[in-house]
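Enquirer: Let me begin by handing over the structure; questions about it come next.
The values are calculated or read from the model by the stated rules, or taken from the named source; none is laboratory data. From a predicted model like this one, the values you see are computed outputs, not experimental measurements. Glycine also receives a Cβ, built like all others from the backbone with ideal geometry; neighbour counts cover every protein chain displayed.
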Amino acid sequence: MAATTDSSAEEVVQVPWYPHALVDRPCDPSTFADGLPSSWGRFYGWDHAPALHPDWWNEDHEGRWGDWPSAITSVELVREDRFGLVVHLNEAWVAHLSPFQTGRDVSTLALFEPWATSLANAPLLLPVAGQKNEHGDQLVVFEMHTCLAPAEVMGRPHDLVRTTGRVHAALLDHATPNTERRWNDRLKAIEDQLKTTTLWRAPHTKHVVGLPATHFSLDAVVSVDDGLMLVPRPRPLVDHLMAESERLPGVSAIAMFEQRLALVEGFDSPDSREAFYRAWGEVVPAPWTSASSLSTANGGVWIWRYEAMLLMLAEARAYGLKKQANKCDRWLFDVSRIQARLGELRTVHALRRGGLWAALAGALIGSGPVQIPFVLGSVGVAAVAHLVHQRRMPPPF
């Protein structure tokens, strides 16, 4: 997503893809290949400046793949965003230049045949060519397209998530089982780097599955005749620095969209949030949005909202976005109340389960005049605990 505008003169003079608040040195692409040290680890890039001139495109360079554009005579810089630079080549191709490499997620979508085949009819624009090195994708080239302005995308939130859901559904055959331990380890790594006071883990259900990485943003959406089409982006730099790469469930992408929209007050009520997620649920497998999958006790959407907010806080700190950082901090401050509620509910759940077991034991091994009162009393405790559990459970939306 493009940089969030904050009222600081320092941010205005910085290119949006350079984490100036994280790196104590000026932006000099000629030094990127040697790596830039930061408090979150060293990261690597390449000198993309020559790629802003036509001659560079007509020369041979290591790591190229696909149907490389030929006879380039013009390179027009269209915009710069959080992921890098977007240029038009001969007004026939669109190239995304990534100054910093964060993996090969975008090129793999096109080069790994099983994934590319599954995505052939999905509303996802795959690159036709690119260049990569040992650290990841340096650039990818797409057929000519024009992205909608983020404001236009924000005006079509349900179209956005339905389109995203169709991409997720297309990758269903390549889903991997629930890896909650790794997802929770990932949360811990992010919390440790940010030194937050929050701590949240989730058990998840078997229906929460991992999908191949398809990073999306609000400024990489194309309008087509019958709807929208998404343009994949690289893994965000802060994500790359803070945690290991993992296959995340589709709901994580929807939660990130939700938090991005919420940052600019894109939702006016819990009902509008619920409708947002239900729109995604219309096009993905039903178990992904079942009551158990969405239950806050199992993580639901709240745990992915939480992760999205942590990553947005990391972004704010890395790129000097003070307003975004303040909003993220305020949201995270409320997390402790939800965690306290969930802690209470674990005790209530123990009473509910204990009451049922006591009733069963009393029915099987009890005798005499106290048997029936004991069984009824235990069932009553379990019933009351169940009602309290249902009423006190934080709603999923």
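Enquirer: Picking from Met256, Met312, which residue would you name as being closer than 16 Å to Phe216 by Cβ, of a type outside the set (Lys, Arg), in contact (Cβ under 8 Å) with a residue 12 or more places away in the chain and in contact with a Cys (Cβ under 8 Å, 6 or more places away or on another chain)?
Expert: Details: Met256 fails: in contact with a Cys (Cβ under 8 Å, 6 or more places away or on another chain).
After applying the criteria, what remains is Met312.
Enquirer: Okay, next question. Hey, among Ala169, Ala151, which residue is part of a helix (DSSP H, G or I), among the small types (Gly, Ala, Ser) and modelled with pLDDT under 95?
Expert: Values: Ala169 fails: modelled with pLDDT under 95.
That would be Ala151, the only listed residue that is part of a helix (DSSP H, G or I), among the small types (Gly, Ala, Ser) and modelled with pLDDT under 95.
Enquirer: Also: For the subset of the range 197-226 comprising residues that are closer than 28 Å to Ser292 by Cβ and surrounded by fewer than 18 Cβ atoms within 10 Å (Cβ to Cβ), which member is modelled with the lowest pLDDT?
Expert: Across the range 197-226, the extreme among qualifying residues is Leu199.
Enquirer: Within the range 70-83, which residues are more than 18 Å from the chain's Cα centre (by Cα) and within 21 Å of Ser38 (Cβ to Cβ)?
Expert: Glu80
Enquirer: Ok, one more. For the range 99-142, name all the residues that are among the β-branched types (Val, Ile, Thr), outside any loop (DSSP other than H, G, I, E, B) and touching a strand residue (DSSP E or B) at 6+ places or on another chain (Cβ under 7 Å).
Expert: Just the residues of the range 99-142 that are among the β-branched types (Val, Ile, Thr), to begin with: 102, 106, 108, 117, 128, 140-141.
Next, only the ones that are outside any loop (DSSP other than H, G, I, E, B) stay: 106, 108, 117, 140-141.
Passing the criteria: Val106, Val140, Val141.
Enquirer: Also, I was wondering about something else. What are the residues in the range 49-98 that are assigned to a strand (DSSP E or B) and at positive phi, if any?
Expert: Gly66, Gly84
Enquirer: From the set of residues in the range 256-274 that are buried (at least 23 other Cβ atoms within 10 Å of the Cβ) and among the hydrophobic types (A, V, I, L, M, F, W, C), which is nearest to Thr163 (Cα to Cα)? If you could, list the steps in order and put the result at the bottom.
Expert: Start the filter on the range 256-274 by keeping residues that are buried (at least 23 other Cβ atoms within 10 Å of the Cβ), which leaves 256-258.
Next, only the ones that are among the hydrophobic types (A, V, I, L, M, F, W, C) stay: 256-257.
Numbers: Met256: 15, Phe257: 12 Å.
Per the stated criteria, the residue is Phe257.
Enquirer: Determine the pairs where a residue that is assigned by TED's automatic domain parsing to the domain that holds Phe83, located within the range 14-40, has a partner that is loosely packed, with under 13 Cβ neighbours inside 10 Å with Cβ atoms under 6 Å apart, the partner being 6 or more residues away or on another chain.
Expert: Filtered contacts from the range 14-40: Gly35/Arg42.
Enquirer: How about the range 241-329: which helices (runs of 4 or more DSSP H) wholly inside it have at least 2 residues that are in contact with a helix residue (DSSP H, G or I) (Cβ under 6 Å, 6 or more places away or on another chain) and within 19 Å of Pro396 (Cα to Cα)?
Expert: 250-263, 270-281, 302-319
Enquirer: Among the residues of the range 175-192, is any under 27 Å from Ala95 (Cβ atoms) and in a helix (DSSP H, G or I)? Working first, answer last.
Expert: From the range 175-192, those under 27 Å from Ala95 (Cβ atoms) are none; that's our starting set.
Checked the range 175-192: no residue is under 27 Å from Ala95 (Cβ atoms) and in a helix (DSSP H, G or I).
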